[in-house]
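The values are calculated or read from the model by the stated rules, or taken from the named source; none is laboratory data. As the structure is a prediction and not an experimental result, all values here were calculated from the model. Here the Cβ positions follow ideal geometry from the backbone for every residue, glycine too, while neighbour counts run over all protein chains shown.
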Amino acid sequence: MHEVSDDEFSKLIAELMDELPKEYISGLKNVLITYEDEPSADQLNKQKLAPYQTLFGLYEGVPLTNRGAGYQLVLPDRITIFKKPILNNSADLKTFRAQVKHTLWHEIAHYYGLNHERIHEIEKNWH
């Protein structure tokens, strides 16, 4: 897999956002979607990953399903997509693109409080 510049990666994320279910994208409020080359040591530690696991993306915030009446005046939730782990696990650009899309969707779904079964069910209906 060749290198992907930060500019190319940023454009890809924006392009893939347009391919995700519109009702979920339009419902995002106070969410920062960003990317980093790799997760920080703190992010990895908080996830309690096994040595063989890789972190492609991360949702940091309070899912909509867990917010009460007192939830206000808070910093934006944050979704981070990690470029290098996805690159390192992609054989080609098509696989890379598919993994970025899947990761982006997965992290957005966490914002909505969706469980993995529902995430995969919705994802199946894209094709």
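Does segment 111-118 contain at least one residue that is assigned to a helix (DSSP H, G or I), of a type in the set (D, E, K, R) and over 15 Å from the mean Cα position of the chain (by Cα)?
yes
Determine which single condition Leu75 fails, assuming it passes every other condition in (1) outside any helix (DSSP H, G or I); (2) under 18 Å from Leu44 (Cα atoms).
With respect to (1) outside any helix (DSSP H, G or I); (2) under 18 Å from Leu44 (Cα atoms), Leu75 is out only on (2).
What are the pairs, 6+ residues apart or on separate chains, where a residue within segment 34-62 that is without any contact (Cβ under 8 Å) to a residue 60 or more places away in the chain and within 8 Å of Thr80 (Cβ to Cβ) has its Cβ under 6 Å from a residue that is among the β-branched types (Val, Ile, Thr) and surrounded by 12 or more Cβ atoms within 10 Å (Cβ to Cβ)?
So the pair list comes out as Thr34/Thr80; Tyr35/Ile81; Glu36/Thr80; Gly57/Ile81; Gly57/Thr103; Leu58/Thr80.
Residues checked against (1) over 14 Å from the mean Cα position of the chain (by Cα); (2) assigned to a helix (DSSP H, G or I); (3) at pLDDT below 85; (4) surrounded by 15 or more Cβ atoms within 10 Å (Cβ to Cβ):
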| position | (1), (2), (3), (4) |
| --- | --- |
| Glu3 | yes, no, no, no |
| Glu8 | yes, yes, no, no |
| Ile33 | no, no, no, yes |
| Tyr52 | yes, no, yes, no |
| Leu55 | no, no, no, yes |
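Could you list, ordered by first residue, the pairs with Cβ atoms under 9 Å in which the first is in segment 16-33 and closer than 22 Å to Phe96 by Cα and touching a residue at least 24 places away in the same chain (Cβ under 8 Å) and the second is among the polar types (S, T, N, Q) and not in a strand (DSSP E or B), at least 6 apart or interchain?
Close Cβ pairs satisfying both conditions: Pro21/Asn125.
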